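Undergrad: Mind having a look at this structure? Questions to follow.
The numbers here are math on the coordinates, done by the rules we state, and not lab data. Please read these numbers as outputs of a predicted model, since none were measured by experiment. Don't worry about glycine lacking a Cβ; one is built from the backbone with ideal geometry, like all the others, and counts go over all protein chains shown.
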Amino acid sequence: MSTLSTLPTPHPDTDRVLRRRRIRRTWGQPWLYLPLGGALLLMIAPFLWMFSGSFKPEADIRRVPPVLIPTAPTTANYGELFNSLDFTSMFANSVSVALAVTAGNLIFCSMLGYALAKLEFRGQRAVFLLVMGTLMIPGLVTFVPLYVLVANMQLTGSLLGLILPFLAGPFGVFLMRQFISTLPDELIDAARVDGCRELAIFWKIILPLTKPALATLGIITFLGSWNNFLWPLVVAQNESQYTLPVGLALASSGQSFTRFGILLAGAVVVLLPVMLVFLFFQRQFVAGIATTGLK
């Protein structure tokens with residue numbers, strides 16, 4: 001007897017069910033893409049309006065009803081932006097402050113995160129609870145005490161006053177602690193048996209394994225420092241220490257009205273470095289968010 005005759009024949013109802021499922025997949029996906037596409041459009045609409053408005057004359061920006069595509073595209077807003085600001089100095093200040101704050105957070109937050117995750121010491125849980133408690137305190141609550149402290153250290157009017165208060169943060173400590181706690185203890189124990197000191201373990205073993213979390217923390221920290229407006233506005237006391245957000249706000253504000261063309265052109269210029277940083281570290285950012293805190 002042939003083996004083919006012994007195979008069970010598919011039931012007609014099974015074929016019908018499979019056909020229905022195939023049809024549902026084919027016709028169900030557009031209904032899924034429609035709300036996702038609408039949400040995407042709502043998210044990118046402000047950026048499209050910003051980019052389009054940066055090439056519009058002031059009259060077109062204030063036009064009612066508004067139009068998305070410029071009727072007479074012009075680069076005058078960018079020219080006026082670069083001419084009215086010491087753009088090179090402000091851009092250098094923003095880059096210096098953002099890079100210094102990001103580097104400080106990557107080093108100090110990862111160190112403290114490693115200590116809280118893998119080292120046993122008295123008061124370890126209390127320190128972690130203290131770090132978590134500071135996450136619930138709004139930044140405006142500590143703004144004035146922090147300014148008084150910086151002023152007493154005579155750091156106002158300097159880039160160091162913009163950098164020093166933000167070299168470490170509770171969110172970075174929490175993020176690194178959660179990620180490092182997922183690493184196997186056997187790696188650290190083996191290194192200690194081989195005679196590795198804690199600093200060498202941290203530098204040669206922990207840091208290479210935490211690249212996704214470091215990329216995530218770096219992007220978030222760089223973005224927050226790059227867009228910081230209130231603190232540089234208060235601490236920087238002359239134009240030579242202004243960052244781009246502060247200079248842009250001052251340049252776009254006239255005596256009686258706001259020049260939206262310069263404001264939108266400046267927003268495009270300020271946004272470009274952040275987009276480049278995110279695109280460069282996008283894969284590590286997604287991996288860090290997806291794996292942080294998972295055992």
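Undergrad: At what distance in nm do the modelled label points of THR75 and PHE108 sit from each other, each positioned 7 Å from its Cα along Cα→Cβ?
TA: A separation of 4.2 nm, rounded to one decimal place.
Undergrad: Please work out how much length the chain gains when fully extended from LEU271 to MET43, using 0.36 nm per residue of separation minus the C-alpha to C-alpha distance, in nm with one decimal. Provide the component values of the computation, followed by the final result.
TA: Numbers: separation 228, 0.36 × 228 = 82.08 nm, distance 1.50 nm.
That works out to 80.6 nm of additional length.
Undergrad: For region 30-116, what does the alpha-carbon gyration tensor say about shape, rounded, prolate or oblate, given a ≥ b ≥ c as the root eigenvalues, a/c under 1.5 as rounded, and a/b over b/c as prolate?
TA: oblate
Undergrad: Provide the gained length on full extension for the span VAL144 to GLN237, in nm with one decimal, where the gain is 0.36 nm per separating residue minus the Cα-Cα distance.
TA: Working: separation 93, 0.36 × 93 = 33.48 nm, distance 1.63 nm.
Residue separation times 0.36 nm, minus the Cα-Cα distance, leaves 31.9 nm.
Undergrad: Using a Förster radius of 22 Å, what is the FRET efficiency between GLU198 and LEU135 based on their Cβ-Cβ separation? Nearest 0.05, please. It would help to have the intermediate numbers written out before the result.
TA: Details: r = 26 Å, r/R0 = 1.20.
Computed FRET efficiency for GLU198 and LEU135: 0.25.
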